[in-house]
1. Take the residues in segment B:320-364 that are surrounded by 24 or more Cβ atoms within 10 Å (Cβ to Cβ) and not in a helix (DSSP H, G or I); name whichever of them is farthest from the other protein chains (Cβ to nearest Cβ).
2. Pull up segment A:273-301, narrow it to residues that are within 7 Å of chain B (Cβ to nearest Cβ) and in a loop (DSSP other than H, G, I, E, B), then point me to the one that is surrounded by the fewest Cβ atoms within 10 Å (Cβ to Cβ).
3. Return the only residue of A:270, A:256 being under 12 Å from the mean Cα position of the chain (by Cα), over 22 Å from residue B:357 (Cα atoms), facing chain B (nearest Cβ under 7 Å) and surrounded by 18 or more Cβ atoms within 10 Å (Cβ to Cβ).
4. Answer with yes or no whether residue B:199 is at negative phi, in contact with a helix residue (DSSP H, G or I) (Cβ under 7 Å, 6 or more places away or on another chain) and surrounded by fewer than 20 Cβ atoms within 10 Å (Cβ to Cβ).
5. Name the residues in segment B:302-319 that are buried (at least 17 other Cβ atoms within 10 Å of the Cβ) and facing chain A (nearest Cβ under 7 Å), would you?
6. Need the failing condition index for residue B:152 against (1) without any contact (Cβ under 8 Å) to a residue 60 or more places away in the chain; (2) in a loop (DSSP other than H, G, I, E, B); (3) within 14 Å of chain A (Cβ to nearest Cβ), just the number.
7. Considering only residues that are at pLDDT below 90, within 13 Å of chain B (Cβ to nearest Cβ) and not in a helix (DSSP H, G or I), which ones fall in segment A:9-54?
8. Of all residues in segment A:148-161, which are crowded, with 17+ Cβ neighbours inside 10 Å and under 37 Å from the mean Cα position of the chain (by Cα)?
């Protein structure tokens with residue numbers, strides 16, 4: 001990692017945009033020089049697309065590789081098109097193998113061939129190793145720069161070896177102890193190495209209980225373990241317990257951030273790869289898929305209203321009040337869905353306590369249903385001077401908030417069991433249910449008691 | 001940190017709940033023994049409240065302190081009430097000072113006094129130091145276990161010092177170089193220390209450019225810097241650049257997780273401190289605040305519909321179609337709001353490009369407005385056999401989706417400038433706007449052209 005000599009200030013983006021406005025290229029360069037690639041990436045994403053090529057030419061070649069990695073996928077794709085092959089090969093040379101592996105799918109065959117040709121045999125093998133695992137597994141996440149030692153040598157020998165070897169890889173908090181078949185048998189923490197009598201042997205000092213990840217472990221499990229066990233680095237092993245690489249906390253932090261962004265964006269049908277300044281046509285096309293799904297559900301709800309046209313014709317106050325019933329159900333259900341999705345993600349909710357959770361949410365739904373039934377019932381009577389409208393809307397509220405609780409628990413659990421991401425699909429399904437139940441119960445009860 | 005000897009398996013929770021069902025206390029203990037405190041906390045949160053005291057008695061005393069820290073605030077409060085003072089003092093003794101500082105606000109005065117009495121002078125001073133800064137600042141987040149060295153000694157002396165000192169604090173990837181006034185002048189990475197000729201002096205090897213945090217720096221800024229600069233630990237300084245502590249990545253990962261949970265839970269009016277099995281009455285009361293706010297906005301929207309009662313009476317199809325107009329506006333606006341909140345959080349959106357973003361979102365809104373106007377217009381005509389209903393609903397769709405885009409950008413930017421968390425308030429305000437605009441434009445146009 002290149003050193004950050006200067007931390008980004010919040011007004012860097014404003015300064016950059018002002019400099020671009022006036023065409024002051026020297027100022028653009030002055031702002032970018034010495035900035036960390038992560039900050040350069042943020043500035044580029046905040047720059048309108050037509051000015052990005054200019055900004056990109058002012059980025060230090062040494063930082064281009066890492067800056068590319070930090071960019072949203074869409075923005076990166078645009079810049080990759082703008083960068084000639086030689087510059088891409090040079091940029092790749094500044095990166096770790098696991099980072100090159102992340103870029104590979106987006107590069108042309110010629111550039112890949114050149115990058116591979118520029119690597120020595122060992123690094124080419126390493127790159128192959130990382131590329132052979134899916135991107136979202138421990139194997140796809142790993143670096144291949146683990147330092148290994150044998151158990152029968154003394155710490156003195158280890159210390160001499162490290163000194164001869166030179167700079168340690170980033171985030172090296174432990175060395176890995178392997179046997180002659182490369183099988184992982186322990187780990188030696190750097191802190192132990194530094195504070196233990198150098199005459200002792202590795203086997204006497206090493207930790208034999210190592211948290212290790214199979215190469216195909218999903219990256220979410222890796223992230224959870226790093227978080228729970230406060231890891232800085234951890235080994236990745238193949239099916240024969242052979243050490244094949246190590247995962248470091250900085251890559252895990254990126255996974256955690258991606259997961260968090262996904263949980264925020266998915267319920268609105270958005271993707272974390274998107275360029276916030278993408279051409280409107282591209283954005284419009286992408287977003288319209290999700291809007292189309294929502295349109296179908298809105299039409300289903302409208303069809304339910306359509307069943308009761310003659311009732312509404314007679315008591316038009318129903319049309320005024322019906323969005324309240326549907327909307328409150330949607331809001332209450334969203335609370336349940338959100339709490340359950342979080343519980344599932346954290347492992348607090350499982351098959352064996354889902355029923356218990358359901359009972360509790362039903363109680364909460366019924367309670368809030370009663371409270372808001374009273375409130376809305378009273379408001380309805382006073383507003384529309386229709387005494388029977390009160391009990392009708394109150395009953396509909398209780399029914400809808402109870403259904404909202406029921407489906408608020410069932411939908412995420414069922415969606416997850418189907419292998420679909422609950423964050424993506426639960427909200428749309430839930431509001432369909434609460435709209436349908438809300439309109440049907442309210443207008444249905446009105447048909448029975450009001451007309 | 002205690003060592004995890006066993007990683008949690010996904011069915012631990014199911015096993016625990018089954019054991020509790022049959023009253024097999026020995027099995028409960030067997031499941032908990034050797035588990036990491038983070039896993040124990042997850043299991044406790046997944047256990048119904050009435051069984052938690054039993055589970056708690058089976059948790060190793062040595063793990064109780066850390067388990068308490070990992071629990072949601074509400075669950076922790078319940079368990080604190082169940083734990084006698086002596087056990088709490090004993091639990092505190094197993095914790096770092098920064099962790100004790102996190103617990104202090106929830107402990108009784110007697111327990112605090114006993115904990116303080118049990119600390120030696122140095123640790124009491126350290127605890128005071130952490131307690132003197134707000135919890136969500138660099139000072140509140142810091143540990144006080146930084147290892148410091150002077151610049152004029154050789155690495156050999158540093159190595160001897162470390163060996164004499166014994167085990168290093170968790171996540172020690174660097175030592176801090178201070179002058180005799182404790183002012184921070186550099187940092188010495190452990191990797192450098194291990195791989196450099198021991199005869200050289202600290203001043204020759206240390207890094208003078210140190211990313212440091214003022215004690216009052218907000219924890220979000222700290223987390224962003226750790227993430228962007230791949231830090232493992234970083235120094236905290238007072239206003240005179242004196243080293244007062246250090247922040248480690250494990251605490252930062254917790255901050256990132258909290259922030260992520262907040263972004264997911266806040267839009268549904270939920271809090272991350274909540275117990276998923278809290279008594280229904282407590283949950284119902286908490287959630288009802290947010291539901292009440294939403295009720296007010298629903299009534300505002302209903303009042304708009306109320307203005308057009310006589311129009312609806314004449315063309316009852318309007319009541320059927322109006323939820324579609326309002327709902328599609330809400331969905332499109334939610335997409336814009338979500339994208340803008342994310343842009344603000346990442347620093348991609350600022351004052352100087354907000355106008356540009358607005359233009360772009362308006363174009364997206366108008367485009368999608370046109371597409372769905374056509375679709376919904378056609379559906380309306382075919383469904384209700386009313387030729388003029390098509391153009392009316394189509395115009396309303398374009399108007400509402402354009403307003404949705406406009407307010408989707410303006411609301412989060414304005415809310416943030418008022419110092420309110422955009423994630424918390426934007427959604428509610430937006431749907432009020434899209435409901436009001438949707439109903440008003442649709443029913444208003446219908447009044448002009450249809451009756």
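1. Once the filter is applied, the top-ranked residue is B:349.
2. A:276
3. When all the criteria are applied, what remains is A:256.
4. For residue B:199, the condition - at negative phi, in contact with a helix residue (DSSP H, G or I) (Cβ under 7 Å, 6 or more places away or on another chain) and surrounded by fewer than 20 Cβ atoms within 10 Å (Cβ to Cβ) - is met.
5. Residues satisfying the conditions are B:302, B:305, B:306, B:312, B:313, B:316, B:319.
6. Condition not satisfied by residue B:152: (3).
7. Selection gives A:9, A:10, A:11, A:34, A:35, A:36.
8. A:149
The values are calculated or read from the model by the stated rules, or taken from the named source; none is laboratory data. In this text the structure is predicted, and so the values were computed from the model without any measurement. Cβ atoms come from the backbone with ideal geometry, glycine included; neighbour counts cover every protein chain shown.
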